[in-house]
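Beneath this line is the structure, given in structure tokens, with notes to follow.
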Amino acid sequence: MTPPLTKLLPVPTPETQPYWDAARDGELRLQRCQECATVRAYPQSSCATCGSQKYDWFAASGRATLYSYVISHRPAPGFTPPFVIALVQLEEGPRMLSNVVDVPPDPEHLPLDLPLTVRFEDRGTIVVPVFAPSGKGDAA
Ligand SMILES: [Zn+2]
């Protein structure tokens, strides 16, 4: 008998720990380069624009729009197909890969530029940012 499949979990590193700690507290945290002010959506040790290793963390608004997506009909560990894999455009500039939840996985319900709000999915040892259509169960 095989154990039930669960979602794969990111493994925090010293560099990414602040990102995951913030997610646990319900905050999407981004890095901003101290040299050129480029905002990046995933923790990185240096700026892809200018190469600087100096950066600050800040809390993102959590607001985004749907930039592109696919509806996956293939089984994946912990996911029940069909589900939405999306590239979301963050209000602060960068795009990030995530899931769109709380919406039927149907193009009729997924117009491009759909306003989205970050949500946080508790996966036990880690909390992962996902997105849902704005106005549906927003905290604010
Ligand atoms: Zn830079």
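The values are calculated or read from the model by the stated rules, or taken from the named source; none is laboratory data. The model shown is predicted, which means the values in this text are computed figures rather than measured ones. No Cβ is skipped: glycine too gets one built from the backbone with ideal geometry, and neighbour counts run over all protein chains shown. Note: accessible area is taken over every heavy atom of the protein model, side chains too, but ligands, DNA and RNA are not part of it. Shrake-Rupley method; radii C 1.70, N 1.55, O 1.52, S 1.80 Å.
From the list Ala59, Ala22, Ala48, Ala37, which residue is on the phi > 0 side of the Ramachandran plot and without any contact (Cβ under 8 Å) to a residue 40 or more places away in the chain?
Criteria check complete, one pass: Ala37.
Taking region 83-119, which residues are without any contact (Cβ under 8 Å) to a residue 60 or more places away in the chain, assigned to a loop (DSSP other than H, G, I, E, B) and of a type in the set (D, E, K, R)?
The answer is Glu91, Asp102, Asp106, Asp113.
Could you tell me whether any residue of region 10-18 is without any contact (Cβ under 8 Å) to a residue 24 or more places away in the chain, more than 16 Å from the ligand (Cβ to nearest atom), more than 21 Å from Val128 (Cα to Cα) and assigned to a loop (DSSP other than H, G, I, E, B)? Spell out how you get there, then give the answer.
If we filter region 10-18 for residues that are without any contact (Cβ under 8 Å) to a residue 24 or more places away in the chain, which is where we start, we get 11, 13-14, 17.
In the following step, the residues that additionally are more than 16 Å from the ligand (Cβ to nearest atom) were identified as 11, 13-14, 17.
Subsequent filtering for residues that are more than 21 Å from Val128 (Cα to Cα) retains none.
No, every residue in region 10-18 fails to be without any contact (Cβ under 8 Å) to a residue 24 or more places away in the chain, more than 16 Å from the ligand (Cβ to nearest atom), more than 21 Å from Val128 (Cα to Cα) and assigned to a loop (DSSP other than H, G, I, E, B).
So, Pro75, is that one more than 17 Å from the chain's Cα centre (by Cα) and free of Cβ contacts under 8 Å to residues at least 60 places away in the same chain or not? I'd like the intermediate steps shown before the answer.
Working: more than 17 Å from the chain's Cα centre (by Cα): yes; free of Cβ contacts under 8 Å to residues at least 60 places away in the same chain: yes.
When the stated conditions are applied, Pro75 passes them.
Look at Ala64 and say whether it is more than 16 Å from the ligand (Cβ to nearest atom) and open to solvent by less than 30 Å² (accessible area, probe 1.4 Å).
yes
Count, please, the residues in region 31-72 that happen to be farther than 20 Å from Tyr19 by Cα and either outside any loop (DSSP other than H, G, I, E, B) or under 14 Å from the mean Cα position of the chain (by Cα) (or both).
Summing the residues that are farther than 20 Å from Tyr19 by Cα and either outside any loop (DSSP other than H, G, I, E, B) or under 14 Å from the mean Cα position of the chain (by Cα) (or both) in region 31-72 gives 8.
Counting only residues that are within 15 Å of the ligand (Cβ to nearest atom) and of a type in the set (D, E, K, R), which one in region 21-58 is farthest from Thr125 (Cα to Cα)?
Glu35
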